[in-house]
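The values are calculated or read from the model by the stated rules, or taken from the named source; none is laboratory data. Every value quoted in this text rests on a predicted model; they were computed, and no experiment measured them. Cβ placement follows ideal geometry from the backbone for every residue including glycine, while neighbour counts extend to all protein chains displayed. For accessibility, only protein heavy atoms count, side chains too; no ligands or nucleic acids. Shrake-Rupley method; radii C 1.70, N 1.55, O 1.52, S 1.80 Å.
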6 protein chains.
Amino acid sequence: MMSDAAARGAAVRREVLGPERADRPPEPFAVPFREWVLDAAWGQVWDRPGLDRRTRSCVTLAVLTALRCTDELEMHVEAALRNGVTPDEIAEVLLHTTVYAGAPAGNAAFAIASRVLSAQEGRPE
Amino acid sequence: MMSDAAARGAAVRREVLGPERADRPPEPFAVPFREWVLDAAWGQVWDRPGLDRRTRSCVTLAVLTALRCTDELEMHVEAALRNGVTPDEIAEVLLHTTVYAGAPAGNAAFAIASRVLSAQEGRPE
Amino acid sequence: MMSDAAARGAAVRREVLGPERADRPPEPFAVPFREWVLDAAWGQVWDRPGLDRRTRSCVTLAVLTALRCTDELEMHVEAALRNGVTPDEIAEVLLHTTVYAGAPAGNAAFAIASRVLSAQEGRPE
Amino acid sequence: MMSDAAARGAAVRREVLGPERADRPPEPFAVPFREWVLDAAWGQVWDRPGLDRRTRSCVTLAVLTALRCTDELEMHVEAALRNGVTPDEIAEVLLHTTVYAGAPAGNAAFAIASRVLSAQEGRPE
Amino acid sequence: MMSDAAARGAAVRREVLGPERADRPPEPFAVPFREWVLDAAWGQVWDRPGLDRRTRSCVTLAVLTALRCTDELEMHVEAALRNGVTPDEIAEVLLHTTVYAGAPAGNAAFAIASRVLSAQEGRPE
Amino acid sequence: MMSDAAARGAAVRREVLGPERADRPPEPFAVPFREWVLDAAWGQVWDRPGLDRRTRSCVTLAVLTALRCTDELEMHVEAALRNGVTPDEIAEVLLHTTVYAGAPAGNAAFAIASRVLSAQEGRPE
């Protein structure tokens, strides 16, 4: 049974990552990780009231770029758009992060975000 | 002679870091680094119009926390306050970053920010 | 009010870090971090039954060494001793980690662990 | 000619990584790296008596997860199984590491380990 | 309009990365990043007289290996050859870096450099 | 008894780090680390003929800066001077690394190197 925090987290995660991604069940092996993430990351942190989702997305993009988490970045560029960060603002966040994390971190992040944004433009509304 | 970008950068840096810190001359050995930072970081990035300084401060705190740049963090907690990020919002940025960068990164950042905020409270206005 | 996981976590943390360290209240600014750590780290992870505390300590030392979290390492060398890892096994964990994380990471970790172990020897039993 | 340590290391490596992987010759360009690894990593560290292979595997998984060495992780999930770490214990090591290294590091490691474990289940015994 | 530093940087970049790679236009989204890199990285740093390009290439390979920037490494192994670093010297730089950054960082770098060097040998002169 | 590689490594280390630093005995707890470093780092890598010590020092400074190993950096700025890298070239290596590793990594490295160079100037010859 899910904890309260995990249940709240599951709802926030679905809004931020979108139903298509959020509704995929985890691999059986990864179930303990998914439960922890729903509770500790989405329920206990993303759901807190003190910072708007737009700023949370900017912060997330910055950290993922700095730590070179390229797999997660794709998902969180989409999430940032969903949370109201414009493509131009995403570019500013990535360029700002480049100064602090170095050119290769920025280069990789711009490549991924370019791909996500091109794919989005091709989609029917 | 300073480039245009470096001159603009020096002004932004002084506003963000405060005159006390900004007006200290660099060590002679570090002059090439200072010049590069004024131009490439402060002039060409912090001075860009597409993202407000408050969000730039949140992004900076997130990256410095994630990369464990504890020395720089002190300076940028002060800068964040100067740019209008409240102490509660700083705590949210650090907690949000903790999820993505791990508990020790968060622990170190909260310790530094606690120290800066206590020192600020003690100051005459 | 503390969640169930946080209450369980507080008990585990006190056993692992020792009462002297565990009973220090956090800085007011760091209270949200402490709450998250008690719940998400100590309650939801350290308290899980599937891995003994001795192995959890070895894993923790390895990660802190690899990520160069030197502040936390001191505390977790003490915790490892409390969890039954011998000084010789701590040395093996740090040397093993050195291969994967590089000589400077190992050097810093050995310096900290040497200091902790010397201090422990000087203590009355 | 191989040093004594490298010869001992080659034997340990073959036991831990399995003959299929261990017997592939390195690219000619990578020969100096292979020789160093056999001697310095496998001969001088993995072969030391003070820590059992099961714990060495847990430590290795933790470091590779924390440093986001996703390529090496696949090989060392297989090695951990060979060294007697159960799939449930691997999940505990990865979840424990997530607390210290952040959710994206954990996410990537769980994805890789899930793939390795599914592939293993499909194999004839 | 390009700054002077960016114009100088574009010329250096073309010499170091080769025309085939340098003349590909960036994705529209990545234009601000490209402009920053030409000015801040290639114009203001690579173009400085105080260090020869051969040593700059060795330093670049070392940093990219240590930070696990595998995407950039391919491009900079080619650049190192163009700047007069021999394949044997590249191997020495990567092995030296391995000591400080750990075996997995070295392993990944040797794999990429092996691929680049094999591909180069197959090319008509 | 020391391996041949460790004995060669001890001699190289003494030349590069200077007798004052090299002749300090390690803490008893850190003896296995010291032995590994003499053999695997100094004997098997620094002693290899294929790359001059001047370039090895540049590579070492770059990696330590990128990985934020500030403790080791002090020792290796001194070593670089001993290996014939001039202060101006050290500045170039650190600035070059800044582009790839980010401004805070560069800032910390310039601060340490400034301190070492000022201390050296004050010494009697």
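Worth pointing out:
- Tally, over the stretch D:39-54, of residues that are within 11 Å of chain F (Cβ to nearest Cβ) and either open to solvent by less than 20 Å² (accessible area, probe 1.4 Å) or assigned to a loop (DSSP other than H, G, I, E, B) (or both): 7
- Figure legend. Inter-residue proximity from the stretch C:9-28: first residues within 14 Å of C:His76 (Cβ to Cβ) and within 12 Å of chain B (Cβ to nearest Cβ), second residues at pLDDT below 95 and open to solvent by less than 20 Å² (accessible area, probe 1.4 Å), beta-carbon distance below 7 Å, spacing 6+ or different chains. No pairs are indicated.
- Hits in the stretch A:18-30 - residues which are surrounded by fewer than 18 Cβ atoms within 10 Å (Cβ to Cβ) and of a type outside the set (Lys, Arg): A:Gly18, A:Pro19, A:Glu20, A:Ala22, A:Asp23, A:Pro25, A:Pro26, A:Glu27, A:Pro28
- Scanning the stretch C:103-125 for residues that are within 12 Å of chain D (Cβ to nearest Cβ) and outside any helix (DSSP H, G or I) gives no hits.
- Single residue of the stretch C:59-102 satisfying the filter (part of a helix (DSSP H, G or I), small (Gly, Ala, Ser) and free of Cβ contacts under 8 Å to residues at least 40 places away in the same chain) that is farthest from the other protein chains (Cβ to nearest Cβ): C:Ala80
- Filter pass, F:Asn107 being open to solvent by 40 Å² or more (accessible area, probe 1.4 Å) and either out of contact with any helix residue (DSSP H, G or I) (no Cβ under 8 Å at 6 or more places or on another chain) or at pLDDT 95 or above (or both): yes
- Considering the conditions (1) under 22 Å from B:Ala101 (Cβ atoms); (2) touching a Cys at 6+ places or on another chain (Cβ under 8 Å), C:Val31 is excluded by exactly one of them, (2).
- Residues in the stretch C:1-26 that are out of contact with any helix residue (DSSP H, G or I) (no Cβ under 6 Å at 6 or more places or on another chain) and among the small types (Gly, Ala, Ser): C:Ala7, C:Ala11, C:Gly18.
- Being more than 19 Å from D:Val59 (Cβ to Cβ) and exposed (fewer than 14 other Cβ atoms within 10 Å of the Cβ) is a property that does not hold for C:Ser114.
- Total residues in the stretch C:51-69, condition closer than 20 Å to D:Arg68 by Cβ and of a type in the set (Ser, Thr, Tyr): 2
- Taking (1) under 11 Å from the mean Cα position of the chain (by Cα); (2) under 24 Å from E:His96 (Cα atoms) in turn, D:Asp39 satisfies each apart from (1).
- Of all residues in the stretch A:79-104, those satisfying the criterion of being open to solvent by less than 30 Å² (accessible area, probe 1.4 Å) and more than 30 Å from F:Ala108 (Cα to Cα) are A:Ala79, A:Ala80, A:Asn83, A:Val85.
- Of all residues in the stretch E:55-78, those satisfying the criterion of being crowded, with 18+ Cβ neighbours inside 10 Å, under 19 Å from A:Ala105 (Cβ atoms) and more than 9 Å from the chain's Cα centre (by Cα) are E:Val59, E:Ala62, E:Val63, E:Thr65, E:Ala66, E:Leu67, E:Arg68, E:Cys69, E:Thr70.
- When the criteria are applied in full, B:Arg56 meets the requirement of being over 30 Å from F:Val116 (Cα atoms), of a type outside the set (A, V, I, L, M) and modelled with pLDDT of 95 or more.
- Residues of the stretch E:1-17 satisfying the condition of being surrounded by fewer than 14 Cβ atoms within 10 Å (Cβ to Cβ) and basic (Lys, Arg): none
- Residue match in the stretch A:85-93 (condition: touching a Phe, Trp or Tyr at 6+ places or on another chain (Cβ under 7 Å) and at pLDDT 95 or above): yes
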